[in-house]
Amino acid sequence: MSTGMLLGYELPEAGLPDPTAFLLAVARKAEAAGVHHLVLGDRPAAGPAGPGTPASLVAASLLAVSTSRIGLVMTAAPAYNEAYNLARMVASVDHISHGRAGWRVVTGPDAAADANHRREGVDPLTDREARAREFVPVVQNLWDTWEDGAFVHEKGTGRFIDSGRVHVLDHRGTLRVRGPLNVVRPPQGHPVVLADAADPLVSAHADVLAVGDPDSAPTAAQAGGRPRLGVVTPFVAATEKRARELHELAGAPASDRGRAVLTGTPRQVAERLGAWFDRGAVEGFTVRFPAPAPEGGATGTDGVTEFTDTVLPLLTAAGRFPATYTSDTLRGHFGLTRPANRFAERIAAGPERN
């Protein structure tokens, strides 16, 4: 586990006048500040805020070649994706980014998104829970269908692949997936999986747990030692009055099951985050930013700039946020080890059963 506060930024999904410029500007600023990861939203339905940002898998690929240390977490729902295709896409981003990919899995119902993913004989509402329960383990197993060292590159014998290290998954349940994956094992072994701690369908298989209210987060023991990230939306300004005005301009969002809303000066916000961290309620935070205000311009980073330039220095000065990277991978940022290959472990334990 990291010895300092873990910190990520969740970027707006819609309402941006120039989404690509915004994503690039925020990614570079966050990386310069030592932020550990970015969460890229991806709701496959139009909303009242207007057109969305580029699909998270595409955005992560863009940011992977524009940054070098910060983690890139893509959002994808089992209801709207095929396990095989998602596994290969996330694995591909992990290769492109040299081990900085993550996947935030979401399972909640979304009527508008459901309406965009129906076809003859297929409805996202059908078997939603059963599909979600199987989905994460199937994806993780697909990442393991190629063992490390499967490519032997023996030019002298003409043997380039050790077939004994390539495995058929042959999963048969609500999902039916044969495998193997057509992408070799990701650099991290498994890209990091994030899930809501309160989501019983997928939380058991997640590497990192998100909690909307740090005051009601599961204990470290209940989380099995996995990092817990409080989700917070800050409205920060030089004065409390201005911070409250920003909060009102954004529609006065309230704290709820999905996030804690903080309003105040940089010191007030830093102290609130620090108090949660110091007492061990969570190991860190994902800061969920609203869309920039119109006066911010096409690439205005608004709340991101205010938080990065005023709150982070206070957390660093207090010895809570390190502001420097000690790892090159997202698993490393979270203090997670590289998982063993599940197929290799089964073989070592006894006869292989594919």
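The values are calculated or read from the model by the stated rules, or taken from the named source; none is laboratory data. What you see is a predicted model; the values in this text were computed from it and never measured. Here the Cβ is made from the backbone with ideal geometry for all residues, glycine too, and neighbour counts use every protein chain on show. Only protein heavy atoms, including side chains, enter the accessible area calculation; ligands, DNA and RNA are left aside. Shrake-Rupley method; radii C 1.70, N 1.55, O 1.52, S 1.80 Å.
Answer yes if at least one residue in the range 278-297 is under 23 Å from the mean Cα position of the chain (by Cα) and open to solvent by 50 Å² or more (accessible area, probe 1.4 Å), and no otherwise. Yes: one or more hits. Residues that are out of contact with any strand residue (DSSP E or B) (no Cβ under 6 Å at 6 or more places or on another chain), open to solvent by 30 Å² or more (accessible area, probe 1.4 Å), under 17 Å from G102 (Cβ atoms) and at pLDDT below 95 within the range 1-48 comprise M1, S2, listed in sequence order.
If I filter the range 123-138 for residues that are of a type in the set (D, E), farther than 11 Å from P78 by Cα and crowded, with 16+ Cβ neighbours inside 10 Å, do I get at least one hit? Scanning the range 123-138 turns up no residue that is of a type in the set (D, E), farther than 11 Å from P78 by Cα and crowded, with 16+ Cβ neighbours inside 10 Å. Per the conditions (1) open to solvent by 40 Å² or more (accessible area, probe 1.4 Å); (2) over 26 Å from the mean Cα position of the chain (by Cα), the sole criterion not satisfied by A243 is (1). Only a single item in (1) at pLDDT below 95; (2) touching a helix residue (DSSP H, G or I) at 6+ places or on another chain (Cβ under 9 Å) is not met by E120, and it is number (2).
Checking A238, A197, A204, A221 one by one, the residue that is out of contact with any strand residue (DSSP E or B) (no Cβ under 8 Å at 6 or more places or on another chain), under 28 Å from P124 (Cβ atoms) and open to solvent by 10 Å² or more (accessible area, probe 1.4 Å) is A204 and no other. Remark: pairs (first residue in the range 63-92, at negative phi; second residue part of a loop (DSSP other than H, G, I, E, B) and of a type in the set (D, E, K, R); Cβ separation under 6 Å; 6+ apart in sequence or on different chains) = G71/R100; L72/R100; T75/D42. The C-beta contact set for the range 171-185 (first residue in contact (Cβ under 8 Å) with a residue 60 or more places away in the chain, second residue hydroxyl-bearing (S, T, Y) and open to solvent by less than 50 Å² (accessible area, probe 1.4 Å), distance under 7 angstrom, 6+ apart or interchain) comprises G179/T145; L181/T145; V183/S92.
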